[in-house]
Amino acid sequence: MEVFRLSREKFATPLSGKGSALFGARWNKKGTELIYTAENRSLAMAEIAVHLTVATLPEDFVIMTIEIPDEIGIQQIMESDLPKDWKEFPFPTSTQKIGSDFVFQNIFGVLKLPSVVVKGDFNVLINPNHPDFTKITIVNIEKFPFDTRIFD
């Protein structure tokens, strides 16, 4: 499976989940490492764009193409399986528990969940502590300039 991650260039490598562990995010509690990716480039961009304005837009973003081998186990959660508050912002503790439990249980290397930002698309979260994590590779990194019309 090919997935995509949009990141500031200085934080692009190595893949670690340390950034999400610093503050926590929608799918993980503070202290839990989890790598956020998307099933397509446009979703990766949308997931970042919702947090930015043209005034706060850094110019050093890169898009990473990441290959997840087919033999790595994927847990998929559908929208119907999520708590009623899963789309709220700021994100609820109920969703943080889902991702943190996924990492703690360490059964699957990948968790696929619906995107809050783009209905019908999926985020793909990678557990950097899973034994199969070493099989996941970055196959490409390229500059990703945002089109500022998105913020108009």
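Which one of I63, I107, I68 is of a type in the set (V, I, T) and over 15 Å from the mean Cα position of the chain (by Cα)?
Result: I107 is the single residue among I63, I107, I68 that is of a type in the set (V, I, T) and over 15 Å from the mean Cα position of the chain (by Cα).
Give the number of residues within segment 21-49 that are more than 13 Å from the chain's Cα centre (by Cα), hydroxyl-bearing (S, T, Y) and under 16 Å from R8 (Cα atoms).
Qualifying residue count, segment 21-49: 0.
Can you list the strands (runs of 3 or more DSSP E) found entirely within segment 1-106 that contain at least 1 residues being crowded, with 17+ Cβ neighbours inside 10 Å? Reasoning before the result, please.
Values: elements: 2-8, 35-38, 61-67, 74-76.
It comes to 2-8, 35-38, 61-67.
What number of residues within segment 111-145 satisfy the criterion of being over 24 Å from F89 (Cα atoms) and not in a helix (DSSP H, G or I)?
Qualifying residue count for the region: 13.
For a quick check of your reading of the model, give me the residue pairs whose first member lies in segment 25-54 and is under 16 Å from P145 (Cα atoms), whose second is basic (K, R), with beta-carbon atoms closer than 9 Å and at least 6 apart or on different chains.
Qualifying pairs under 9 Å: A44/R5.
So that you can scan it fast, the table gives a plain yes or no per residue for (1) touching a helix residue (DSSP H, G or I) at 6+ places or on another chain (Cβ under 9 Å); (2) touching a residue at least 40 places away in the same chain (Cβ under 8 Å); (3) at positive phi:
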{"site": "P83", "(1), (2), (3)": "yes, no, no"}
{"site": "E88", "(1), (2), (3)": "yes, no, no"}
{"site": "P92", "(1), (2), (3)": "no, no, no"}
{"site": "V103", "(1), (2), (3)": "no, yes, no"}
{"site": "N106", "(1), (2), (3)": "yes, no, yes"}
{"site": "V116", "(1), (2), (3)": "yes, yes, no"}
{"site": "G120", "(1), (2), (3)": "no, no, yes"}
{"site": "I126", "(1), (2), (3)": "yes, yes, no"}
{"site": "V139", "(1), (2), (3)": "no, yes, no"}
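Taking segment 111-134 as the search range and keeping residues that are aliphatic (A, V, I, L, M) and within 22 Å of S16 (Cα to Cα), which one is surrounded by the most Cβ atoms within 10 Å (Cβ to Cβ)?
Step by step, filter segment 111-134, then rank; the result is L125.
Values in this text are rule-based calculations from the coordinates and carry no lab data. Small disclaimer: the values here were computed from a predicted structure and weren't measured. With ideal geometry, Cβ positions are generated from the backbone for all residues, glycine too; neighbour counts draw on all protein chains shown.
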